[in-house]
1. Kindly report the accessible area of the chain per residue (heavy atoms of protein chains, probe 1.4 Å, no ligands, DNA or RNA), in Å².
2. Give the relative contact order (percent, whole number) for the chain; include only Cα pairs under 8 Å separated by 6+ residues.
3. Give, in nm to one decimal, the length gained when the segment between S22 and L114 is fully stretched (0.36 nm per residue of separation minus the Cα-Cα distance).
4. What does the highest-first list of 31-39, 94-102 look like by mean Cβ count within 10 Å?
5. Any idea what the alpha-carbon Rg over 2.2 N^0.38 Å comes to for the stretch 52-119?
6. Roughly how many debye, to the nearest 20, is the charge dipole of the chain about its Cα centre, given +1 on each Lys and Arg Cβ, -1 on each Asp and Glu Cβ, and no other charges?
7. Using Cα pairs closer than 8 Å and at least 6 residues apart in sequence, work out the relative contact order for the stretch 48-101, in percent.
Amino acid sequence: PGGNESVKIYAVDKDGELLTLSDLFRPDSDCLSVLTEEVQRQMAEQMASDDQIHYWLHDEDVGDLNFTALDPDTSFYIDGEALVLVFDEGTVAPMYMGITEFTIPAQVVEDIALPQYLS
(Lines give C-alpha, C1' and ligand atoms only; values in the text may rest on other atoms or scores of the structure.)
Protein backbone atom coordinates (compact mmCIF):
# COMPACT_ATOMS: atom_id res chain seq x y z
CA PRO A 1 0.00 0.00 0.00
CA GLY A 2 1.65 3.14 -1.19
CA GLY A 3 0.53 6.52 -2.26
CA ASN A 4 1.63 9.96 -3.16
CA GLU A 5 1.85 12.57 -0.47
CA SER A 6 0.37 15.87 -1.49
CA VAL A 7 -0.85 19.03 0.15
CA LYS A 8 -3.35 21.68 -0.88
CA ILE A 9 -2.95 25.06 0.73
CA TYR A 10 -5.52 27.80 0.33
CA ALA A 11 -4.14 31.28 0.87
CA VAL A 12 -6.73 33.95 1.59
CA ASP A 13 -6.46 37.66 2.23
CA LYS A 14 -8.06 39.46 5.17
CA ASP A 15 -11.33 39.76 3.23
CA GLY A 16 -11.47 36.02 2.66
CA GLU A 17 -10.56 36.25 -1.03
CA LEU A 18 -8.55 33.33 -2.41
CA LEU A 19 -5.04 34.41 -3.39
CA THR A 20 -2.91 33.12 -6.23
CA LEU A 21 0.85 33.37 -6.30
CA SER A 22 0.75 36.25 -8.79
CA ASP A 23 -1.60 38.21 -6.49
CA LEU A 24 1.36 38.73 -4.12
CA PHE A 25 3.36 40.64 -6.71
CA ARG A 26 3.16 43.74 -8.86
CA PRO A 27 1.27 43.03 -12.10
CA ASP A 28 4.22 44.17 -14.23
CA SER A 29 6.69 41.91 -12.45
CA ASP A 30 7.88 38.63 -13.89
CA CYS A 31 7.41 36.98 -10.50
CA LEU A 32 7.33 33.41 -11.83
CA SER A 33 10.78 33.81 -13.42
CA VAL A 34 12.23 35.40 -10.28
CA LEU A 35 10.81 32.63 -8.10
CA THR A 36 11.89 29.90 -10.54
CA GLU A 37 15.48 31.17 -10.48
CA GLU A 38 15.52 31.25 -6.68
CA VAL A 39 14.12 27.72 -6.36
CA GLN A 40 16.67 26.45 -8.89
CA ARG A 41 19.46 28.19 -6.95
CA GLN A 42 18.32 26.59 -3.69
CA MET A 43 18.00 23.16 -5.33
CA ALA A 44 21.57 23.33 -6.68
CA GLU A 45 22.89 24.58 -3.33
CA GLN A 46 21.16 21.81 -1.36
CA MET A 47 22.34 19.08 -3.74
CA ALA A 48 25.92 20.38 -3.57
CA SER A 49 25.93 20.25 0.23
CA ASP A 50 24.18 16.88 0.77
CA ASP A 51 24.53 13.72 -1.34
CA GLN A 52 21.16 12.43 -0.07
CA ILE A 53 19.28 15.34 -1.63
CA HIS A 54 18.32 15.11 -5.29
CA TYR A 55 16.09 17.38 -7.33
CA TRP A 56 15.20 17.12 -10.99
CA LEU A 57 17.11 20.17 -12.10
CA HIS A 58 19.45 19.16 -14.94
CA ASP A 59 18.82 15.43 -14.89
CA GLU A 60 19.05 13.90 -18.37
CA ASP A 61 17.28 10.73 -17.18
CA VAL A 62 13.97 12.47 -16.38
CA GLY A 63 13.61 14.81 -19.35
CA ASP A 64 10.38 16.79 -18.99
CA LEU A 65 10.28 16.30 -15.21
CA ASN A 66 13.18 18.72 -14.77
CA PHE A 67 12.14 21.86 -12.93
CA THR A 68 12.38 24.59 -15.56
CA ALA A 69 9.51 26.93 -14.66
CA LEU A 70 7.29 27.53 -11.68
CA ASP A 71 3.64 26.68 -12.23
CA PRO A 72 1.37 29.67 -11.44
CA ASP A 73 -0.78 27.27 -9.38
CA THR A 74 2.09 26.17 -7.13
CA SER A 75 0.97 25.88 -3.51
CA PHE A 76 2.39 28.46 -1.12
CA TYR A 77 1.98 29.99 2.27
CA ILE A 78 3.34 33.05 4.01
CA ASP A 79 5.36 32.37 7.16
CA GLY A 80 5.89 35.66 8.93
CA GLU A 81 7.32 37.80 6.15
CA ALA A 82 8.67 34.92 4.06
CA LEU A 83 7.02 33.22 1.11
CA VAL A 84 7.21 29.41 1.21
CA LEU A 85 6.63 27.43 -1.99
CA VAL A 86 5.37 23.87 -1.52
CA PHE A 87 5.77 21.01 -4.01
CA ASP A 88 3.94 17.69 -3.81
CA GLU A 89 5.88 14.46 -3.50
CA GLY A 90 7.35 13.39 -6.83
CA THR A 91 6.87 16.70 -8.66
CA VAL A 92 10.37 18.24 -8.41
CA ALA A 93 12.28 15.36 -6.85
CA PRO A 94 12.12 11.59 -6.42
CA MET A 95 9.34 10.28 -4.16
CA TYR A 96 11.72 9.59 -1.25
CA MET A 97 12.21 13.35 -0.87
CA GLY A 98 8.52 13.72 0.13
CA ILE A 99 6.80 17.09 0.05
CA THR A 100 9.45 19.74 -0.52
CA GLU A 101 9.38 23.38 0.51
CA PHE A 102 11.50 26.35 -0.46
CA THR A 103 11.54 29.52 1.62
CA ILE A 104 12.02 32.59 -0.56
CA PRO A 105 14.07 35.23 1.27
CA ALA A 106 12.42 38.66 1.45
CA GLN A 107 15.35 40.35 -0.32
CA VAL A 108 14.77 38.17 -3.40
CA VAL A 109 11.26 39.56 -3.94
CA GLU A 110 11.37 42.93 -2.16
CA ASP A 111 11.38 44.90 -5.42
CA ILE A 112 8.37 43.11 -6.91
CA ALA A 113 6.25 42.06 -3.91
CA LEU A 114 3.12 43.90 -2.89
CA PRO A 115 3.74 45.26 0.64
CA GLN A 116 0.34 44.20 1.99
CA TYR A 117 1.37 40.54 1.56
CA LEU A 118 5.16 40.44 1.71
CA SER A 119 7.18 43.18 3.32
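The values are calculated or read from the model by the stated rules, or taken from the named source; none is laboratory data. From a predicted model like this one, the values you see are computed outputs, not experimental measurements. Ideal geometry is used to build each Cβ from the backbone, glycine not excepted, and the neighbour counts take in all protein chains shown. Accessible surface is based on the protein model in full, side chains and every heavy atom, while ligands, DNA and RNA are left aside. Shrake-Rupley method; radii C 1.70, N 1.55, O 1.52, S 1.80 Å.
1. 61
2. Numbers: 165 pairs, mean separation 35.2, N = 119.
Here the relative contact order equals 30 percent.
3. Length gained, S22 through L114: 32.1 nm.
4. Details: 31-39: 17.9, 94-102: 15.1.
Highest to lowest by the protection proxy: 31-39, 94-102.
5. 1.26
6. 220
7. About 31 percent, as a whole number.
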